[in-house]
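The values are calculated or read from the model by the stated rules, or taken from the named source; none is laboratory data. Only a predicted model underlies this, so the values are computations on that prediction, with no experimental measurement involved. In this analysis, Cβ positions are derived from the backbone assuming ideal geometry, glycine residues included, and neighbour counts consider all displayed protein chains.
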Amino acid sequence: MTTAHAEAADGILPHEPEKATLEGRNKVLAFWLFLGGEAVLFGTLFATFLALRNQTNEGPTAAELFHLPLVAAATLLLLVSSLTSVFAIQAMHRGNVAQLRNWLLVTVLLGLAFLILEIYEFSVYIRHEEFGMTTSAFSSAFYTLVGFHGAHVAFGILWIAVLIGQLLHKGLTVVTAPKIYVSAMYWHFIDVVWVFIFTVVYLLGKVG
Amino acid sequence: MDWITTVDHKKIAILYLWAGGLFFGIGGLEAILIRIQLIKPMNTFLDAQTFNELITMHGTTMIFLGVMPVIFALMNAVIPLQIGARDVAFPFLNSLGFWTFLFGGLLLNLSWVMGGAPDAGWTAYTPLSGKGYSASHGVDFYTIGLQIAGLGTLIGGINFLATIITMRAPGMSFMRMPMFAWATFITSAIILFAFPAVTVGLVLLTFDRILDANFFDVDGGGNPVLWQHIFWIFGHPEVYILILPAFGIISEVIPTFSRKRLFGYSSMVFATILIAFLGFMVWAHHMFTTGLGPVANALFSVSTMLIAVPTGIKIFNWLFTMWGGQVRFTTPNLFAAGFIPTFTMGGVTGVMLASAPADFQFHDTYFVVAHFHYVIVGGLVLGLFAGLHYWWPKMFGRMLSETLGKWTFWTFIIGFHLTFFVQHFLGLMGMQRRVFTYLPNQQFDTLNLVSTVGAFLMGVGMIIFLINVFLTSRRPADAPEDPWEDGRTLEWTIPSPPPEYNFKQTPLVRGLDAFWKEKMAGHKAMTPAEPIGPIHMPSATILPFLMSVGIFIAGLGFMFSRDEFSSSIMSFLFNNYIVTALGLLITFGSMLMRSLFDDHGWHIEPEELEEGEQR
């Protein structure tokens, strides 16, 4: 640890700058814990959805509603964005700030594209299918679960965008590195949740 | 101003204590009003609506805003000291956790003056808490206030977990950690895995009420029992969030005043872990009468009774610790000793309630009320009193008066048993809970009178405690480092109250009960694990306060977003979510500030440390 401090003072970043200081290690650990809590949060939302997914109250059913090609496209965007965030972290470990910035930028853009597709999907349901929050217990559960995920994506986009700004402003240091690292963890988590949403909400809705 | 911006865990502890004490007082007054109403049959002191609001707010306030902050106060005051750390892992988040709790609590209590308090019981069972039965904004204050307060608790939980995992002093392995630190660790883990569930539950209820969603509304395909599942999968672990810290406190106090190490330390640790684990497995025992079926009832019945095993281990270990020890009945130890039989009685009625067939008889009677008050008041509150009297000199540098402390103990515990012991019989005779009055000549009259008299006696005990605190605060702060003289853990090795950096040099831990071990080896102080050097401190900041204000404004804005106002400006502001957006802007703006402007903190240099020593 002392050597890491010395290196940081000399302007040379250690190999894993996110874990170079106690504060950084604490941040990564606490973020893992936070994600544990988030898992319970989404678990409860999934349980609610599963309990209510056939309660359509004479409104549209999942099979009538979902267009898998659209959802598949959104899934692809999000999965690729997870990959690009891995590239970003690898660039960080190589100490290549320009590549790090570019990969983060690609990640944000992919996330944004996903979000636009989701907003488009919701607007179609609301305008053409008369499927709103108040339609049925199924609709409430659908919008709450998928919307919570969407809100997480939106927050992640804002967060990583701010971090890119910070990176340009302050460069890669032992202070900014942990922040970038945990934002990538967050992004992977969102991605994993989406895999479950794709399976439980969309695939099961179409065929289950 | 100093208090609003502080990030020092010791000051935040004191803030938690005052805020928790304030809400505890409010909850206590509500309890007294409830007991006055029930003093005689067909009483007209309160009407049914007010009574519903009072029982709802009493339960909610006591659990979320009364005892939990006092627990957090003790954790904040003691944990970094016990593990030999200079602060918690995230001082900024620590402050944020406190302010969100406080503003959530304020929002909840605003309901009294803003058109009616929540009236659906502290469990907010649907459909009672739905718009159909509860049309005022009461339950909205409940859902949004608790949401904000719960955020603070979750932040606190994560912070303590990280602190205990990474910031223990050299040599302090997990199995050398004091029991209160263990209790805090496990409690924080329960918080982490239980609170997100209620977060979701509260969101769903908010959406049902404000956005007309259909989660719990049968007309729209929803399911009211779903609320009970979500509420209790949080709510039952919550019981252990409350009681495990009390177990931790008792495990500190009894060895200290018995001059013996805690009997069965490792079995205590594993019992704590086991209780936490089982706590998640038993939520449906609150729901035996909702018609889950015999298989589910049997499984939850058995898993509930299993909790008696680790709890019994703890009870016997405390008894064996005192056995043959040089027991001194100081005020903290009186409370600890009073805790053991009282909590055991609550545990026994818990096993009775866990039997599903019997529960059909006991359900929603005063037997249940008696049971959970034995656990929460007779367990937790006695534990908190023990902890407060025990650590008061460390927190404030002043010893509480022993005489007044003993008066507090005797009036409180006698009042407590008078109040709640008779309620077991009221329940067995069929008196229902949650009803605002009862008919005469059903043999309820005398016992209710006894119960109310007991409640007043508990009130007297609380007042004596407050007098004690007041008188103590006027005396000079001259408590020694180790005021009980038999301190066993690290917090007793530093001045009372501790300097803001806690330890001038991080101590080297050489065994369980680190300080006691050094004393037995003939040393007067701990061996330092590091040379004296500059100490890094985090800077004070107002951002956590601002973030919480923002969330508070956003919550209020969202709550009234569907209302009609007499003035058109108000309607415009609220109905277009402008107030909500403003609140969120303040919060996210503060987050952005935190992100953009680095806070490198400051250092205390070795020379200043020497000066502090001489003063």
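List of remarks:
- Within segment B:505-521, the set of residues being within 31 Å of the chain's Cα centre (by Cα) and among the charged types (D, E, K, R) comprises B:513 only.
- Helices (runs of 4 or more DSSP H) enclosed by segment A:122-208 - at least 1 residues per element that are under 18 Å from the mean Cα position of the chain (by Cα) and within 16 Å of residue A:81 (Cα to Cα): A:137-170, A:176-197
- Residues that are over 26 Å from the mean Cα position of the chain (by Cα) and without any contact (Cβ under 8 Å) to a residue 12 or more places away in the chain are absent from segment B:449-461 altogether.
- Residue match in segment A:143-158 (condition: hydroxyl-bearing (Ser, Thr, Tyr) and within 14 Å of chain B (Cβ to nearest Cβ)): yes
- For segment B:204-225, a residue qualifies if it is part of a helix (DSSP H, G or I), facing chain A (nearest Cβ under 7 Å) and at pLDDT 95 or above, and the qualifying residues are B:204, B:207.
Here is a yes/no grid of residues against (1) crowded, with 22+ Cβ neighbours inside 10 Å; (2) more than 30 Å from residue A:21 (Cβ to Cβ):
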{"residue": "A:166", "(1), (2)": "no, no"}
{"residue": "A:171", "(1), (2)": "no, no"}
{"residue": "A:178", "(1), (2)": "yes, no"}
{"residue": "A:188", "(1), (2)": "no, no"}
{"residue": "A:203", "(1), (2)": "no, yes"}
{"residue": "A:206", "(1), (2)": "no, yes"}
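- Among the candidates A:76, A:105, the residue that is part of a helix (DSSP H, G or I) and either in contact with a Ser or Thr (Cβ under 6 Å, 6 or more places away or on another chain) or surrounded by 15 or more Cβ atoms within 10 Å (Cβ to Cβ) (or both) is uniquely A:105.
- Qualifying residue in segment B:226-233 (condition: more than 9 Å from chain A (Cβ to nearest Cβ) and either under 16 Å from the mean Cα position of the chain (by Cα) or more than 24 Å from residue B:376 (Cα to Cα) (or both)): no
- Answer residue from segment A:55-72, given it is surrounded by 14 or more Cβ atoms within 10 Å (Cβ to Cβ) and within 14 Å of chain B (Cβ to nearest Cβ) and is nearest to residue A:113 (Cα to Cα) among those: A:62
- Number of residues in segment B:462-494 that are within 19 Å of residue B:79 (Cβ to Cβ) and free of Cβ contacts under 8 Å to residues at least 40 places away in the same chain: the value is 3.
- Annotation: of all residues in segment B:532-547 being of a type outside the set (A, V, I, L, M, F, W, C) and assigned to a loop (DSSP other than H, G, I, E, B), the one that is surrounded by the most Cβ atoms within 10 Å (Cβ to Cβ) is B:541.
- Residue match in segment A:131-142 (condition: within 12 Å of another protein chain (Cβ to nearest Cβ), in contact with a Pro (Cβ under 8 Å, 6 or more places away or on another chain), more than 24 Å from residue B:222 (Cα to Cα) and not aliphatic (A, V, I, L, M)): no
- Verdict on residue B:188 being under 29 Å from residue B:91 (Cα atoms), within 10 Å of chain A (Cβ to nearest Cβ) and among the small types (Gly, Ala, Ser): yes
- When segment A:108-144 is filtered for residues that are surrounded by fewer than 21 Cβ atoms within 10 Å (Cβ to Cβ), touching a helix residue (DSSP H, G or I) at 6+ places or on another chain (Cβ under 9 Å) and among the polar types (S, T, N, Q), only A:134 remains.
- Residue within segment B:142-156 that is touching a strand residue (DSSP E or B) at 6+ places or on another chain (Cβ under 6 Å) and either basic (Lys, Arg) or more than 19 Å from residue B:190 (Cβ to Cβ) (or both) present: no
- Annotation: residue B:192 fulfils all but one of (1) surrounded by fewer than 24 Cβ atoms within 10 Å (Cβ to Cβ); (2) within 25 Å of residue B:256 (Cα to Cα); the unmet one is (2).
- Failed criterion for residue B:589 (all others in (1) away from chain A (no Cβ under 14 Å); (2) assigned to a helix (DSSP H, G or I) hold): (1)
- In the set (1) part of a loop (DSSP other than H, G, I, E, B); (2) under 29 Å from the mean Cα position of the chain (by Cα); (3) not aliphatic (A, V, I, L, M), residue B:598 fails one condition alone, (2).
- The number of residues in segment B:120-166 that are of a type outside the set (Ser, Thr, Tyr), within 14 Å of another protein chain (Cβ to nearest Cβ) and in contact with an Asp or Glu (Cβ under 8 Å, 6 or more places away or on another chain) comes to 3.
- Residue list for segment B:307-341, filter: among the hydroxyl-bearing types (Ser, Thr, Tyr) and either within 22 Å of residue B:269 (Cβ to Cβ) or crowded, with 21+ Cβ neighbours inside 10 Å (or both): B:311, B:321, B:331
- Taken over segment A:16-54, the criterion of being assigned to a helix (DSSP H, G or I), more than 10 Å from chain B (Cβ to nearest Cβ) and of a type outside the set (A, V, I, L, M, F, W, C) is satisfied by A:17, A:18, A:19, A:24.
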